[in-house]
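J.: My questions will all concern the structure given below.
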Amino acid sequence: MHQQGGTIREVLDSIATHGYVLPAIQREFVWRPEQVCNLFDSVMQGYPFGEFMFWRVEPQNSSRYRWYDFVRDYHQRDNPHCPELGTIHDKPLTAVLDGQQRMTAFNIGLSGSMARKLPYKWWNSSDAFPKRVLALDLLAPPDPDEEGSRYAFEFVDTERIGMEDEHLWFRVADILSFSKDNPAPEMLVWITEHGLDTDRQNLAFGTLNRLHQAICVEPVVAFYEEKSQDIERVLNIFIRCNSGGTPLSYSNLLLSIAVSQWDTLDARSEVHGLVDEMNQVRAGLRFNADFVLKAGLMLTDIASVGFRVENFTHENMAVLERNWPEIRRALLETVDLVDRFGFDSRTIQASNSLLPIAYYLYQKGAPHNFESSDSYRKDRKVIRGWLTRSILKESGIWGSGLDTLLTALRDVLRDSGSSEFPAAELRRVMAQRGKTLDFVEEEIEDLADMRFSDRRIFPLLTMLFPVVESHAASDIDHIFPKSRFTPNRLRAASVADDQVEAFRDRCDRLANLQLLEATINREKRAALPADWLDEHCPDDEARRSYCDRHLLGDVPREIKDFAEFSSIRRERLRERIAALVNSV
C-alpha cells in the first residue's frame, strides 16, 4: 500500500540498523558523483525525487534469501560492491525493490564517501582514487531564475571543508550532528567560526538551515510497501518498477540470484563470458544469458526447465556450479556442430531448439569429433535432419508450451539408453504434444514453392542437398541470375508480355535456387547456367554429375525456356522433400 511520511534522516537510521536491506536481485551502485549532487539539489529545492518500493519480509522468511547492505564508502576499484549481510534469522526486514540508487546516494552523501578514478591515472596507482565527501557551498547564492541545479553540491577532499577563497564548504554528513529540534545555535556557531560579514553569514545560515529542513525535518519520503511473501509476485513487481531504465528481464533477476549463490566461480563473469564465446562462432548465432541459464537447468536435471525462483535454490545452483565445465563444453560443442551445418541467426531464430542437442552431447560426456568415425557421422546426419524438420515447420515448434516440451524431450534423451541421437522417439513425444514433425501434402507443396526471402530456405536446401557441404561459406545462388529477370531484359529475350510477371515470380522460388560455395558463386556472377556449366564442367560426365546432384536436369541455354525448366525441377524437388521430411 502507498504511504507518505518519514524523513531522509530516518531512512539513514534504518540503513544503519539494517532495517532496510537489498535483495540479491538488485544490481550494484552505478551512479556518478554528479547524479548524487543532482539528487541532493532536487531535495533542497523541494522537488519530488520518486517513490520507493519496499518489500516487507516476515521474520520466518528472512533466512530464506541472501541480503546485502548499502554501499557507504564507495571505492570504484576496492569497494564497488554491496557487502553481504549473511543469513538473517527471524527478523522482519524491509527489502528495497525500487530506489536502491537514490537510497545509496543518500547513504554516501550523508554517511560516507566516494572514490572514483581520476582521468589519466593508472588503476593500480595509490593516488588514482582520492577519497572525497559530499559538500555544499553555503556562500553560493541560489538563483531562482536558473534552470536545473540551484545549490552548489560537490564531492571534495576533506581538506577543503571550511573557507576556501570565496567558498564555504560544509560537509553534508555533518548536518546529522545538529540537534533535530533546535539546530540554529549550533549552526550559527559553525558559521561564525569562519569570520564572515553579516550578509554572508545570513546567506550561509539560510542555505544551511534549508539543508537541515530538507534532510531532518520534512517528511519527503514516499513509498509503496508490498507485503506479499510470494517471491514470484515480488520479482514481477521488481521488473515493472525498473522498466523505466535499462530493461530487466526475468532471467536477469534469476542470474542475480545465481550470482549470490555460487561459492567459488563468478557466475556473472562465467555466464557472460560463455555467451560472448558462443557468439564469436563464425555462424553468427545470437545467444544470451537466458539461453545459458535454461541450458543449465536442462542439462543438469536439477529442476524443471523453467525460469521459476524455486529452481534457483542454493542447492540447485551448487549442482550447476559443480557441473559448469561440462555444461560449458556441451554448449560450445553444440554451437560448433550447428556452425558446421551452416546455420546462423537467420536460420535458427529460436535458439532453444538447440537445447535437446546440447543435452545429448552433455550426456555423452567426452567431446565429440563428428568426422572421426562412422557412428559420429551418422549422429551428425540424424541430428541435422531432426533440427531441420523442426525449423521447417511454419506453425512453430519452439513457441508456446516450450518448458513443458523441453522437459519431456529431456526425459526421452535421458531414458532412451541409445548410443545414438533418438530422433524417432523425440518426434513421437513431440507429436503427442501437438508439435508434430510430420508434414502433410499441403505443407510439402508450400515447401516446394518456398521463396528466397523465407528464413527456412537455407536449412531446406541443406536437407535437400547434404552432399553439398553447407558451411557458413556457402551461398544461396539463383540458377538463372536474378539480374536477368527485369521486364526489359525478359522481353528482349523473347519472353511474351503476358509471361513476364510469372517469370519474375518464379525467379525467387526454390526451383531456381541452389547452394554454391561462396567463392564459386562470386565467379558465376550473372552468367546463364548453361554458359557457366560449359566452363565449370568441361566434359559431359562432370556436367551430368553436377546436374544430377542439384536436380537440374537438362539446363536450357536461353531464359525464354526457364518456365519449363522451373516446373520440371520443382516437381523433382517436391518428390525429394516428401521423401525426406517424413522419413525416420
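None of the figures in this text is laboratory data; all of them are computed from the coordinates on show. Only a predicted model underlies this, so the values are computations on that prediction, with no experimental measurement involved. All Cβ positions, even for glycine, are placed from backbone atoms using ideal geometry, and neighbour counts span all protein chains on display.
J.: Please compute the contact order of region 474-542 in relative form: average sequence separation of alpha-carbon pairs under 8 Å and at least six residues apart, divided by the residue count, as a percent. Intermediate values should be presented prior to the final figure.
T.: Numbers: 53 pairs, mean separation 33.9, N = 69.
With pairs under 8 Å counted, the relative contact order is 49 percent.
J.: Compute the Cα gyration tensor for region 46-110, then decide on rounded, prolate or oblate, letting a ≥ b ≥ c be the square roots of its eigenvalues: rounded whenever a/c is under 1.5, prolate when a/b is larger than b/c in the other cases, and oblate in all that remain. Working shown, then result.
T.: Working: a/c = 3.01, a/b = 1.27, b/c = 2.36.
Oblate shape, in that a/c is at least 1.5 and b/c is the bigger or equal ratio.
J.: Among T519, T407, rank each residue by its count of other Cβ atoms within 10 Å, from fewest to most, as a rough exposure measure. Could the numbers behind the result be given before it?
T.: Values: T519 10, T407 15.
Ordered by Cβ neighbours within 10 Å, fewest first: T519, T407.
J.: Right, next: Evaluate the relative contact order of the chain (contact order divided by residue number), counting alpha-carbon pairs under 8 angstrom at least 6 apart; express in whole percent. Write out the running numbers ahead of the final one.
T.: Values: 828 pairs, mean separation 63.0, N = 584.
Reported relative contact order: 11 percent.
J.: Using Cα positions and a limit of under 29 Å, work out the lysines in reach of K121, with same-chain residues fewer than 8 apart set aside.
T.: Result set, ordered by chain and number: K131.
J.: Follow-up question, since we're still on this one. Return the subset of K294/K364; K381/K482; K378/K435 for which the Cα-Cα distance in this structure is over 29 Å, preserving the input order.
T.: In this structure, K381/K482 lie more than 29 Å apart at Cα.
J.: Right, another one. Take region 473-578, compute every pairwise Cα distance, and split them into 10 Å bins from 0; I just need the percent in each bin.
T.: 14, 48, 32, 6
J.: Quick check: the distance between the Cα centres of region 297-372 and region 29-46, to the nearest angstrom?
T.: Taking the Cα centre of region 29-46 as reference, the centre of region 297-372 is 44 Å away.
J.: With only alpha-carbon pairs counted, each pair once and no self-pairs, how large is the Kirkwood hydrodynamic radius of the chain in angstroms? Present the calculation step by step, with values, prior to reporting the outcome.
T.: Details: mean 1/r = 0.0339 Å⁻¹.
So the Kirkwood estimate lands at 29.5 Å.
J.: Taking the convex hull of the alpha carbon atoms in region 133-217, what volume per residue do you get, in Å³? Don't jump to the answer; show the numbers that get you there.
T.: Details: hull volume 8.6 nm³, N = 85.
Per-residue hull volume (Cα only) is 101 Å³.
J.: I've got another one for you. Provide the net charge surrounding Q45, with neighbours chosen by a C-beta distance below 10 Å and charges set as Lys +1, Arg +1, Asp -1, Glu -1. It would help to have the intermediate numbers written out before the result.
T.: Values: positive: R150, R210; negative: D41.
Result for the local shell: +1.
J.: Continuing with the same structure: Please say if region 1-128 is rounded, prolate or oblate, where rounded means a/c under 1.5 for a ≥ b ≥ c the square roots of the C-alpha gyration tensor eigenvalues, and otherwise the choice is prolate for a/b larger than b/c and oblate otherwise? Write down the numbers at each step before the final one.
T.: Working: a/c = 2.53, a/b = 1.32, b/c = 1.91.
Since a/c reaches 1.5 but b/c is at least a/b, the shape of region 1-128 is classed as oblate.
J.: Which residue, chosen from C216, H194, G206, occupies the Cα position most advanced towards the positive end of the dipole of region 133-217, where the dipole is computed from +1 (Lys, Arg) and -1 (Asp, Glu) charges on Cβ about the Cα centre?
T.: C216
J.: If you take every DSSP beta bridge whose two residues both sit in the chain, what share of them, in percent to the nearest 5, is antiparallel?
T.: The antiparallel fraction comes to roughly 75 percent.
J.: Could you give the length gained on full extension between R428 and D301, defined as 0.36 nm per residue of separation minus the Cα-Cα distance, in nm?
T.: Working: separation 127, 0.36 × 127 = 45.72 nm, distance 2.15 nm.
My answer for the length gained is 43.6 nm.
J.: In addition: By a straight-distance test (C-alpha under 15 Å), which aspartates and glutamates pair with K180 as possible cross-link partners, with residues fewer than eight away in the same chain excluded?
T.: Reachable aspartates and glutamates: E10, D13, E218.
J.: Given the -39500 (n - 2.57) contribution per DSSP H run of 4+ residues, what per-residue ellipticity at 222 nm results for the chain, rounded to the nearest 500 deg cm²/dmol? Present the calculation step by step, with values, prior to reporting the outcome.
T.: Numbers: 23 runs with 261 residues, N = 584.
Computed mean residue ellipticity for the chain: -13500 deg cm²/dmol.
J.: Could you please rank R410, R433, placing first whichever residue has the fewest other Cβ atoms within 10 Å of its Cβ?
T.: Numbers: R410 21, R433 13.
Going from least to most buried by this count: R433, R410.
J.: Now for a different question. What is the calculated FRET efficiency for R451 to A366, with r their C-beta to C-beta distance and R₀ = 56 Å, to the nearest 0.05? Please report the intermediate quantities before stating the final value.
T.: Working: r = 43 Å, r/R0 = 0.76.
E(calc), rounded to 0.05, equals 0.85.
J.: Please arrange Y359, Y68 by how many other C-beta atoms lie within 10 Å of their C-beta, fewest to most.
T.: The fewest-first ordering by Cβ neighbours comes to Y68, Y359.
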